[in-house]
Structure formats: structure tokens, C-alpha cells
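Right, one structure below, let's go through it.
The values are calculated or read from the model by the stated rules, or taken from the named source; none is laboratory data. As the structure is a computational prediction, the values presented were derived from the model and not from experiment. Positions of Cβ are backbone-derived with ideal geometry, glycine not excepted, and every protein chain shown enters the neighbour counts.
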Amino acid sequence: MRARTLVAITWTPLLAFAACASESDIKVAVTGTSDACITADDSLDAGKVTFVFENKAKDISELYVLRADSSVVGEVENVPTGQKRNLTADLSAGEYFLNCKPGQKGAGFRTPFTVAGEGGAQAPTGGRPIAIEATEYAFSPSSITAAAGETITLELRNKGAVEHELEVLDPSGAPIGEVGPTKPDAEGKATLTLKGAGTYKLVCGLEDHETRGMVGTLTVS
């Protein structure tokens, strides 16, 4: 993920992300430093949880909530050093990670946590698979299509020699989903339910990969 001026906690309804939920009475402190992502509680009950993220790193940072398969539940970006931002997610039972990214680039630092019990929003399932290969420095295909209301599963296959990711930005430039950093010869997936037409951007936000041409488009009609 690269740094932006966008405040990404304002989610649009284009994707069925739990992070667009209103704040919860249950709050969990998360501290991001220059070399760690620290949570005050690594065992949570299913349902809405508000993560109170404090950036104690020397650089601007961001926080992701990831499922066990590295698909993104939600994120908050552009948190300056010494400040706090909230991220609310509606979580069903399962294994998750908190991922802090000081400098808003690279793989960052992950901390696992567990959710148990009934309730919470289930991850989208049954999406039409769309295979995308990543190499240095391109996606293939670089242009894909989908229908408004359709659920798709982006299947990133890293055929390159370095780590890559696949981030989806809506027509306004807001991040709405991501296949997290994927090592060479590995695969990652993200299932999205698209509810708005328009031209979306596909990008690898690691290091300088975007500026070197690692971009594509998702046309939703």
C-alpha cells in the first residue's frame, strides 16, 4: 500500500466490507510501532468491534483487519505519528490478523487474533473466479470486467521474483479490497461484492511497483 492523502475510514457501499459498520461499544486498543503491531486483546467475541489504533511509529501508518486467508475486512489509513483512528469491523468466528504498516508500504507487521461465538458478518462466498498473474512489473490480464451486484474472487498468482499484492480502488480512489502481499510462487485471494458501476483501479501498492507500471482496470457495468 502506498501513501495517499485520502482518509480511507470513510467507506463507500461498493463492497460488502464489515468496516463500514457504525462504532461498537466494544473497543480494543491497537498500537502500531516501527516494528510491531500490538493488540490489547487477542481473543474476541463475534460481532462488532471497534479497534482504536494509535500510531507510535516514526512514520505515518495504517491498520488492516485481515482474515486468515489475508483477504481484507477493513482498513484505516493516513494515521500520523502520535494520533489515533478507529476502525469498526463486524466479525464472525474465525482466525484473523491485525496488520500495521508504518510508512504505508511493504508487508508491515501482523498480530493474530481469534474471534469466537455466534454472529458477525460472514465473508462473501461463491464469487466468480478471476485469475490474475503478477510479474515484474505488470498484471496479466491488466483489464477485467464485472457486473454491478456481482460477487467476484480475484485470484492473484505471483509468477514474479519479488513479493506483489493486488489492491482494488473504487472510481473515487478509495481502497475497497486487497489481496495482501503474496510471495513468489504463491497465491492469494480476495472476494468482493460490487454494487456500483464505474471504472475501478487495480494496483500493486508495494514499494515503487505502481510507478513502474503495475496497474490495471476493473470495469463494472
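This table checks each residue for (1) outside the structural domain of residue 47 (by TED's automatic domain parsing); (2) at pLDDT below 95; (3) over 20 Å from residue 67 (Cα atoms).
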{"residue": "84", "(1), (2), (3)": "no, no, yes"}
{"residue": "138", "(1), (2), (3)": "yes, no, yes"}
{"residue": "145", "(1), (2), (3)": "yes, no, yes"}
{"residue": "167", "(1), (2), (3)": "yes, yes, no"}
{"residue": "170", "(1), (2), (3)": "yes, yes, yes"}
{"residue": "200", "(1), (2), (3)": "yes, no, yes"}
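Filter the stretch 103-122 down to residues that are out of contact with any Leu (no Cβ under 8 Å at 6 or more places or on another chain) and either of a type in the set (Lys, Arg) or surrounded by 16 or more Cβ atoms within 10 Å (Cβ to Cβ) (or both) and give me whichever is nearest to residue 47 (Cα to Cα).
Here the residue is 109.
For the stretch 33-68, what are the residues that are surrounded by fewer than 17 Cβ atoms within 10 Å (Cβ to Cβ) and in a loop (DSSP other than H, G, I, E, B)?
Listed by number, the residues that qualify are 33, 34, 35, 36, 40, 41, 42, 56, 58, 59, 68.
Somewhere in the stretch 103-113, is a residue modelled with pLDDT of 95 or more, in the same structural domain as residue 42 (by TED's automatic domain parsing) and hydroxyl-bearing (Ser, Thr, Tyr)?
Yes - at least one qualifying residue is present in the stretch 103-113.
Do we have any residue at all in the stretch 177-184 that's over 17 Å from the mean Cα position of the chain (by Cα), under 17 Å from residue 219 (Cβ atoms), in contact (Cβ under 8 Å) with a residue 24 or more places away in the chain and not assigned by TED's automatic domain parsing to the domain that holds residue 45?
Scanning the stretch 177-184, I find no residue that is over 17 Å from the mean Cα position of the chain (by Cα), under 17 Å from residue 219 (Cβ atoms), in contact (Cβ under 8 Å) with a residue 24 or more places away in the chain and not assigned by TED's automatic domain parsing to the domain that holds residue 45, so the answer is no.
Among (1) more than 26 Å from residue 188 (Cα to Cα); (2) among the acidic types (Asp, Glu); (3) in contact with a helix residue (DSSP H, G or I) (Cβ under 8 Å, 6 or more places away or on another chain), there is one condition residue 90 misses while meeting the rest; what is its number?
With respect to (1) more than 26 Å from residue 188 (Cα to Cα); (2) among the acidic types (Asp, Glu); (3) in contact with a helix residue (DSSP H, G or I) (Cβ under 8 Å, 6 or more places away or on another chain), residue 90 is out only on (1).
Return only the number of the condition from (1) on the phi > 0 side of the Ramachandran plot; (2) surrounded by 13 or more Cβ atoms within 10 Å (Cβ to Cβ); (3) not charged (D, E, K, R) that residue 149 does not satisfy.
Unmet condition: (2).
Condition test on residue 192, is it aliphatic (A, V, I, L, M), outside the structural domain of residue 68 (by TED's automatic domain parsing) and touching a residue at least 40 places away in the same chain (Cβ under 8 Å)?
yes
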